[in-house]
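Asker: Input: one structure, supplied below.
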Amino acid sequence: MEKKKTNGTIVAVIAMMFLFAMISFVTNMAAPFGTIWKQHYEWSGMMGNMMNFAAYLFMGIPAGMMITKIGYKKTALVALALGFLGIGVQYISSMLEASAISTYVVYLLGAFICGFCVCILNTVVNPMLNLLGGGGNRGNQLLQTGGTLNSLAATLTPLLAGSMIGTITKSTSLNAVSPLLIIALCIFALSFVVIYFTKIEEPETEKSNVMEGVKGALQYRHLVLGVIAIFFYVGIEVGIPGQLLFYLSEPMGVLGSAAIAGTVAAVYWFLMLVGRFTSTFISGKVSTRTQIVTVATVAIILVVTAILMPESKTIALPGSEESPVDLILFKFTGGVIPMKCILLVLCGLCTSVMWGAIFNLATEGLGKYTASASGIFMTMVVGGGIMPLIQNLLAGSVGDIPSYWLIVAMLAYILFYGLIGSRPQKKAVKD
């Protein structure tokens, strides 16, 4: 019986890891797509990303409710169906007139639907991996392992999108990336079938009143401060490579090539993969709090140095031909980029462990309130839409690089949370 239970746990872990990859595949299409739309509407660069994350505000808590009512597996299937629908709507927009505002509205609708998908998947995957690992350092270790696959998908997405877009002009449309949308449709369909036929032994969930669950979870001070930390963290994770894409890909900017900019951004996501993979080996030995304090400190140093470094300090890029093959092999076209871009890209090593660490610290000791806490967490992931949009608007006034002071401020809060805010405290209430 014990062996059967162990096998069920392994299958459940593998299924959750696969869904973790799906989350970033969908999410990371928004930024490169935004470089296309910005050529038609100056204000639209981060709006697709904003719509994607805005869905979290509406779906975070309901997603937690779905888990308690129909279980993790059925909730995941609902999410995959929504993902298929959302990508389908975006594909339709790629077939319409590129410069029409109605086309952009259709695209934003698709991005919003996809937001519901990734929000629900996040609500399913994070608590289930943490619970399957038994919480603590082991739970964090499984979250970091899932994050490794998440980062792999995040790395490949801007690479593929950038190589399809190439050099951006006023005539570039979403039709250039329609093959990627078709690939996404196929992946969602296959994922639905795989999860449907996979037997998953699910953790027990508390069948309690939703509002009571939310109220109970919010009694924990370290959860409340962790929710704020997640809001800022997602803004940091998306904002660093997102603004870098605009900085490098603008027609009159540093490079003027979405292909090269996409590859540079992909290195950021690749370093997140490296960081998460490495963390799977150290998370069982090094405390979660030590990890987040260390990476937050290093990230602040990197970003501040990048902001203050003169743009005249550059680094040459290898490669001589702009081709999809070169890009997939992480080769660049010849030329130079400011050294500060490298420092910003290196932040991927730091942000790689923050999500799992914050979630792990914030839900520690919540017990039956874990599912409700996860729903609250997913609501605040809207920060990944709001903060990058604010940064993008700020960049229009002060410049791309000075806008990273906003990133520094958010990293400072993450450091505070690791040092002080994550210490478990709870008001005296009856459970």
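Laboratory data are not the source of any read-out in this text; all were calculated from the coordinates shown. Please read all numbers here as calculations on a predicted model, not as lab measurements. Note: ideal-geometry Cβ built from the backbone for every residue, glycine included; neighbour counts use all protein chains shown.
Asker: Can you give the alpha-carbon Rg of segment 72-126 over 2.2 N^0.38 Å, where N counts its residues?
Answerer: Working it through for segment 72-126, the quotient is 1.28.
Asker: Just to confirm a number: summing +1 for Lys and Arg and -1 for Asp and Glu over residues other than A154 whose beta-carbon lies under 15 angstrom from that of A154, what do you get? Before the final figure, lay out the partial values.
Answerer: On the way: positive: R276; negative: E237.
Counting the neighbours of A154, the net charge comes to 0.
Asker: Work through the residues other than I401 whose Cβ is under 12 Å from its Cβ and net out their charges, Lys, Arg +1 and Asp, Glu -1.
Answerer: -1
Asker: A follow-up question, please. Would you mind calculating the gained length between K74 and I92 on full extension (0.36 nm times residue separation, minus the Cα-Cα distance), in nm to one decimal?
Answerer: On the way: separation 18, 0.36 × 18 = 6.48 nm, distance 2.75 nm.
Net length gain for the segment: 3.7 nm.
Asker: Could you rank the peptides 402-411, 306-315 by their average count of other C-beta atoms within 10 Å per residue, with the highest value first?
Answerer: Top of the packing list down: 402-411, 306-315.
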